[in-house]
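The values are calculated or read from the model by the stated rules, or taken from the named source; none is laboratory data. What you are looking at is a predicted structure, and each value in this text was computed from that prediction instead of being measured. Glycine gets a Cβ as well: all are built from the backbone with ideal geometry, and neighbour counts include every protein chain shown. When the accessible area is computed, the model is the full protein with side chains, heavy atoms only, and any ligands, DNA or RNA have been set aside. Shrake-Rupley method; radii C 1.70, N 1.55, O 1.52, S 1.80 Å.
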Amino acid sequence: MSDADWITAASLALPGRAHLSHLTRIRALGLDHGPLRPFHFTVSGDLHLALPDVFLHRTEALPPTDDVGVTPAAAFVQFCATARVIDAIVVGDWLLNQRRMSVPEVAELAFHDSWRPGARQALRVLPALDAASRSPKESECRAIVVFAGLPPPESNVPLIVGGRRLGCVDLLLRRWMLVLEYEGRQHAETIAQFNIDITRYAGFRDAGIDYIQFTQEMLRQPRALALRIHRKLIERGYDGPAPVFAGRWQSLFEPIRALPRSAVD
């Protein structure tokens, strides 16, 4: 069975008033991020069922729902209650890019129902989201750069040099003409794609554009990746602060700290 099959099976095992929610609702939209199990559902009032790999969240007042479960914006708020900052950025970017939710929608929901778990955490992480990010790996890399204290890169922008369009790049530090490109498995799966990539990077070099190719394995060593990007920036003339691996950096890999209640009341 596929992940979607398992989610459907869990839904069929519960009464109709149990709504698909939290990360399970988001995974049902097609995002492969985070654990598949347990399957999360939200229900108003009591429902005493004990099913394997099913987590029932009980609430007095349901969040907004649609014909699948809670709305994606509501699911994002729920997810933020326990998510690490970096995971919330990845999930939030994807939902925005796929137009499954909007920043005003999340903000309105979080302010209106500030008592809900995750509401004040969602408000904290919203400024770090970028709807232009097209993949979770791009979002991860951008978060690593920003939370290390380096200049924020632009996401998925056309790179034009001397009137020539060199392509749309994953991440661009424009002032230093440094490109950050994620190299996933799909880049080596076909000869055609492999040749496209070779030609593309040759065009970067001919135009004096420097680039760093990063992989999933490099993302597993975020500090080393941040230091590598900093070294390359220095080669390109960067004279700003070096990466700082202190409080803000550590917060990226920790649960989101909720905004104080006074900020949302």
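Overall form of segment 1-124: oblate. Here a/c, set by the Cα gyration tensor axes a ≥ b ≥ c, is 1.5 or more, and a/b is not larger than b/c.
By DSSP, the beta bridges lying fully in the chain are antiparallel in about 55 percent of cases. Averaging Cα coordinates gives a centre for segment 200-265 and one for segment 94-173; these two points are 14 Å apart. Accessible area per residue was computed with a 1.4 Å probe on protein heavy atoms; residue 58 scores about 120 Å². Entry comment: accessible area of the chain is 50 Å² per residue, from protein heavy atoms only and a probe of 1.4 Å.
Extending 7 Å from Cα along the Cβ direction at residue 236 and again at residue 223 yields two label points whose distance is 2.5 nm. For segment 138-154, backbone phi angles converted through the Karplus equation (6.51, -1.76, 1.60; θ = phi - 60°) give residue-by-residue couplings of 4, 4, 4, 5, 4, 4, 4, 4, 5, 6, 7, x, 8, x, x, x, 7 Hz, Gly and Pro being listed as x.
Of the solvent-accessible surface of the chain, computed with a 1.4 Å probe and all protein chains present, 54% belongs to carbon and sulfur. Relative contact order of segment 16-137: 23 percent, from C-alpha pairs under 8 Å at least 6 residues apart in sequence.
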